[in-house]
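The values are calculated or read from the model by the stated rules, or taken from the named source; none is laboratory data. Everything numeric here is computed off the predicted structure, so don't read it as measured data. Heads up, the Cβs are rebuilt from the backbone with ideal geometry, glycines too, and the neighbour counts pull from every protein chain shown.
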Amino acid sequence: MTDQAELSRRNRTWKAKLEFYLTNAESIIATAGLVLLLVLSLAEIGARNFFHTAIPGADILDRYLVLWVSFLGAVMAVRERHIKIDAVAVWFPEAWRRKLERPIFVFSAVVCGFLFWASARFWREEWAHAAAAEKWVAALAVIIPLSFFLLAAQFTIRFVIGPRSSKRTP
């Protein structure tokens, strides 16, 4: 690591460090999920074609891995500004758009917070009523409330830190 990069890393605020570590954790989990999804799918195809058998639970695990990868991908897309929630703001001049970015982040965080709360309640009920043998399936469904929490956290971080400028690196 160069001296400039080391100095830059040490001089970050706690908010920027929080964003950095959260971003890395999300990326690692999403990458691991995608790799596991690919390996499990290929192993399932091989088992069915060559051994005329299936891997027990692989179909269910594949379905939930698709959810994990897609929901974490949505969190990363919001973080990198590939998805912007500002349907009305695009019609305003640039100066107004800059002023509207933080209120839009707050609104988005509130909506995602509500969706987190609702999905957490739903997940808790699913967990409570799942049969003992099916608890692992209910545990995998935690990605839905987790992803809405992470989306709310990303929007809150963007509100506190401020929008990314086109010059600032992720």
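Remarks
- Where a residue in the stretch 114-138 is β-branched (Val, Ile, Thr) and its partner, wherever it lies, is in a helix (DSSP H, G or I) and at pLDDT below 90, with Cβ under 7 Å and at least six apart: Val137/Ile60
- Glu26 being under 17 Å from the mean Cα position of the chain (by Cα) and buried (at least 16 other Cβ atoms within 10 Å of the Cβ): yes
- Taken over the stretch 102-112, the criterion of being surrounded by fewer than 17 Cβ atoms within 10 Å (Cβ to Cβ) and within 19 Å of Val75 (Cβ to Cβ) is satisfied by Val106, Phe107, Val110, Val111.
- Filter result for Ala95 (over 24 Å from Leu151 (Cβ atoms), exposed (fewer than 15 other Cβ atoms within 10 Å of the Cβ) and modelled with pLDDT of 75 or more): yes
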